[in-house]
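Just so it is clear, none of the values below were taken in a lab; they were calculated from the coordinates. Fair warning: this is a prediction, and the values are worked out from it, not measured in the lab. Virtual Cβ from ideal backbone geometry, glycine too; neighbours counted across all protein chains shown.
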């Protein structure tokens, strides 16, 4: 009997009687990471990585009942052994390893292979079945090393400062924002939106070494911002606040920026292909490293990616997500906008 | 090539005309002269000869990346551009190259007539020394167009700014006949290959929409009323034996309309006419959709010439006997114009008629008949008015008829192309026919980017069936569709077809059971017959 099944509430482990990243309220929700499309309000108990706990408490409610695990630690629930391994997606993101009677299943959640300098890097885990995302599961999505992308962002910023323009980077408040802060910190001060500053506090309190940033307040002057780096969440993108800055120019950091059509659609002044998801070679590398006999593909280009795996001799199946499998990539494009509002 | 690749990236990212112009000016300030000539050529549609078929590029890319053909197709569907798909699929380049744009073009040119093996070796070698963005440009040089939102007018404005030359003169120069392999940048923008003294047009005089009762304009006898035609506003310039046709967008479109070339023999020298380029048959104006078949074409075939014959309805005369008449009152200009009439007999060039009316009421009644002659309303021009440069309130008014509208529900959606390749942007609409829904129009545009995203998300969540690229969706979203006319049609299931349908607005306040019925449209059709 398989260890997991895919139900309309989400991934369910019958033997252990718990869900992984459920979409509807359940008794026991194993949570891969703190992004709002993976963790929702209303579950009786949550199990997540130690670093994810303060994040979801801050984002959802202080009243949540949360149990935690460190990477490599495990607990047993109804005979199913549950352990966490780094997924490299964002701070606190974990792959969930389930073991029951010699059967091992790993649910990766979202993941990326490259070490981003702030998240514990991805670690492949041997398993029989593997649930993989495929947000960027097409071979046109291949990332450059992050140092190259950051060099591009840095030179964009310094050009802006010389040309009296204000650099505004649009980034999710959880994950992308901290990655930018960590990698862009230097002589130029970084100003962050409230929602990012709040999360930074939580993350620093949890013991993560995050460079210093300045919270934007009504007292912050336009002149200060013009000489600095401004980071705001996607919800702020078309805001009057940005329009009122001194010659604001916006830059979006997202894997979708790899493709011209997406760049132009987003009506930003600059697009940087910087993603917290695995690119095509990354997905292939991760899947091969698990040695899995069976791969479940969820989120993104599920049809194309699972077909490719099957043709390559790795048994793969598409998994329907809440949004419906078809054209789910568009939901992901939309998430660039909406993730913060959920 | 790096500089050009950077220019393309800047142009693509900016939505602001000023930013695009400054990117172009910056490019023209620093780029190699030979490269500049090619950039002008590429942006104005003068493509270099294509030595290699794009199918071959795709084939080679598939082979060296070992990508299955279906996966290539999936990737292409997501990226929306063949050159870009190939550029992204290829492995990172192992070398770099500082070859300039014109050198690449010349080397590609030299491949002409070589065998496929030689061509393949050249292409693979090139791919291996170009970065992704450069590769994309390189592929475009072989197989595509540079459609990146740079109009001829924008290019000319940038060149004028950079060179301090007159923009109309540059427009004439670059629209003229020249060979990018031979001409220098200096020769090109100074127009040594053309005589720009002959071509320059005047700025168009534009009208505001009339938002008050016409009675408030005073006595009707002070006004000249004309039909407002729905075509392409244009100027015909004849000087020193040369003829030029300019469009409202200040682009030279002489070559597109051969039917008007006879004017070179008919018009005296030193004449500039303002008027409307229209589809005209037997001196009657045809619909705008007929005219559309003839717009923005590089070549015109015989069928198009027969099905959409072009004419020109003259509104005004700006120059006569090489003298600027724009400061003369309209009444005088009209008299001069009417003197020209005799020479134009039997031709598709017609002086746009004046509507004689003794009262505003009479004119208002006549306005209601506009659609029957494919006019979109009435123009009111003060008889004493000068020919102003641009828009000026008070002397000229357009008194348009309102479009027809119908509330319809969206039942099919299809993805757009290019910038909209990943969004459902083309919709099919239906009205109620008893218990059924029957399609009446397909329309895109008219929605904001934000609305498109919203509709897109609805389509993704509510798709019922899939027919290739088309999704059948739950009939729920109601839109107000505007259209210019309605006609019987055997081709459509509804038995009628809407002319020029477009989305006027999204009626979020309406439910699908509140839309119009087919019977409503049939009645409208009867009333227009």
Where Rh is the Kirkwood radius over the Cα pairs of region B:404-528, the temperature 4 °C and the viscosity 1.567 mPa s, what D in µm²/s does Stokes-Einstein return? 88
Find the centroid of the Cα atoms in region B:281-316 and in region B:363-377, then give the distance between the two in whole Å. 21
Sum of -39500 (n - 2.57) over DSSP H runs of 4+, divided by residues of chain B (222 nm, nearest 500): -10500 deg cm²/dmol
Have a look at the DSSP beta bridges in chain A and tell me what percent are antiparallel, nearest 5. 35
One finds the C-alpha centres of region A:193-225 and region B:406-465 to be spaced, in Å, by 42
One would report the Cα pair-distance distribution of chain A, bin width 10 Å, in %, as 6, 26, 34, 23, 9, 2, 0
Starting from the Cα gyration tensor of region A:146-272, take the square roots of the eigenvalues, sort them a ≥ b ≥ c, and report rounded, prolate or oblate (rounded when a/c is under 1.5, otherwise prolate if a/b is larger than b/c, else oblate). rounded
Convex hull volume of region B:2-143 per residue (C-alpha atoms, cubic angstrom): 110
Averaging sequence separations of C-alpha pairs under 8 Å and six or more residues apart, then dividing by the length of chain A, give the relative contact order as a whole percent. 17
Computed over region B:1-106: relative contact order in percent, which uses C-alpha pairs under 8 Å that are six or more apart: 35
What share of the DSSP beta bridges in the protein assembly as shown is antiparallel, in percent to the nearest 5? 65
Residues of A:268-276, mean number of Cβ from any other protein chain within 10 Å of their own Cβ, rounded to a whole number? 2
What list do you get for A:290, B:384 if you sort them by fewest beta carbons within 10 Å? B:384, A:290
Does the protein assembly as shown come out rounded, prolate or oblate, given a ≥ b ≥ c as the square roots of the eigenvalues of its C-alpha gyration tensor, rounded meaning a/c under 1.5 and, failing that, prolate meaning a/b above b/c? prolate
Distance between Cα centroids, region A:259-303 to region B:103-127: provide it in whole Å. 33
For peptide A:129-141, what's the mean number of Cβ atoms from other chains within 10 Å of each residue's Cβ? 3
Which percent, to the nearest 5, of DSSP beta bridges fully inside chain B are antiparallel? 90
Sorting A:108, B:247 on the 10 Å Cβ count, fewest up front, what's the list? B:247, A:108
Ranked on Cβ counts within 10 Å of their own Cβ, fewest leading, B:426, A:102 go A:102, B:426
Taking chain A and counting helices only, DSSP H stretches of n ≥ 4 at -39,500 (n - 2.57) each over all residues, the nearest-500 ellipticity at 222 nm comes to -8000 deg cm²/dmol
Other chains near B:68-74: what is the mean number of their Cβ atoms within 10 Å of each residue's Cβ? 5
Is chain B rounded, prolate or oblate when judged by the Cα gyration tensor, a ≥ b ≥ c being the square roots of its eigenvalues, rounded requiring a/c under 1.5 and prolate requiring a/b larger than b/c? oblate
Quote the relative contact order of region B:404-528 in percent (integer), defining contacts as alpha-carbon pairs under 8 Å separated by 6+ residues. 30
Which peptide among B:255-264, B:89-98, A:171-180 comes first, and what is the full order, when sorted by highest mean count of other Cβ atoms within 10 Å? A:171-180, B:255-264, B:89-98
